[in-house]
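Engineer: Here it is, the structure in full.
FYI, it's all coordinate maths here, none of it is from the lab. Here the structure is a predicted model, which means the values were calculated and not measured. With ideal geometry, Cβ positions are generated from the backbone for all residues, glycine too; neighbour counts draw on all protein chains shown.
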Amino acid sequence: GAGVSQSPSNKVTEKGKDVELRCDPISGHTALYWYRQSLGQGLEFLIYFQGNSAPDKSGLPSDRFSAERTGGSVSTLTIQRTQQEDSAVYLCASSLVGESSYNEQFFGPGTRLTVL
Amino acid sequence: GENVEQHPSTLSVQEGDSAVIKCTYSDSASNYFPWYKQELGKGPQLIIDIRSNVGEKKDQRIAVTLNKTAKHFSLHITETQPEDSAVYFCAASGYGNNRLAFGKGNQVVVIP
C-alpha cells in the first residue's frame, strides 16, 4: 500500500519568506509526527498529533513554526519568516496507535528546505 | 527528557565482516529501543527493535542487544553486504510515550 508521502521534495526559498510543507500519512494511522534533520545530525522532534487530542508542540524551536492536521489526516508544517538556520530536511512519520504503545513510526522521504 | 548518545562517525568494514554500533540512553524509564536505517535521499526505515523485557533479539543478519543496568544497546550486523551501507539511527522511548529520542546516527560503509 501507499506509504507516507511528503511534498514538495525540495524547496528553495529566500530568507524572510513563509513556506508550507505537506505530509500525507498512511491511511488509518492516527498518530503523525514532524521531525527536522539538519546536516549530519539526528532527528529532532518538532510536533506530534494523536487523534483528536491537543498536539504535543514541545519540540517546535520558535513561534515561527506551526503545524496543523486537518480531518485527522493531512498535515501542514508552516515556517514563517524563514531563516538560514531553518535549512534542513523535514521528515514526517505516522503510526497506528493501538493497544500496544510500541508502534512503528513509518517515515516519508522528507522535504529538503534550503533558505538562501 | 531522554537523551540518546550515538557518536556520529563513519564505520568502514570489509564485505563479509561484522559491524557493531553502540548507543547509550539516560532515562531509566525508557523501555523501547528501535533502530532505523536511512539510505541516501530516503526517510528512515525501521529494521529492528527491542523492548526492555528481553536482552537480545535477532532477525537474520541483524541483532540487537540491550543492557538496562548499563543503559546501553547495540546493533550487530553480520556478514555485511554493500547494500548495508547507510546511516543507522538508534532511538529510545518510554511506555505510553510515542515520542522517540534519536541518536545522531552512524554512517556504515561496506567496502566490496
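Engineer: Report, in listed order, any pair from A:K17/A:K57; A:K17/B:K104; B:K42/B:K104; A:K57/B:K71 with a Cα-Cα distance greater than 19 Å.
Structural biologist: From the list (A:K17/A:K57; A:K17/B:K104; B:K42/B:K104; A:K57/B:K71), the Cα-Cα distance tops 19 Å for A:K17/A:K57; A:K17/B:K104; A:K57/B:K71.
Engineer: What are the extents of the Cα atoms of chain A along their three principal axes, listed from largest to smallest and rounded to whole Å?
Structural biologist: 44, 28, 26
Engineer: Under 1.5 on a/c is rounded, so check that first for the range B:32-112, then, if it is not, pick prolate when a/b is larger than b/c and oblate when it is not; a ≥ b ≥ c are the square roots of the alpha carbon gyration tensor eigenvalues.
Structural biologist: oblate
Engineer: Give me the net charge for the shell around B:H72: Cβ to Cβ below 14 angstrom, other residues only, Lys and Arg +1, Asp and Glu -1. Walk me through the intermediate numbers first.
Structural biologist: Numbers: positive: B:K22, B:K68, B:K71; negative: B:E2, B:E5, B:D27, B:E56.
So the environment of B:H72 carries a net charge of -1.
Engineer: Please give me the summed charge of the neighbours of B:Q14: other residues whose Cβ is under 14 Å from its Cβ, Lys and Arg +1, Asp and Glu -1.
Structural biologist: Combined, the nearby Lys, Arg, Asp and Glu give -4.
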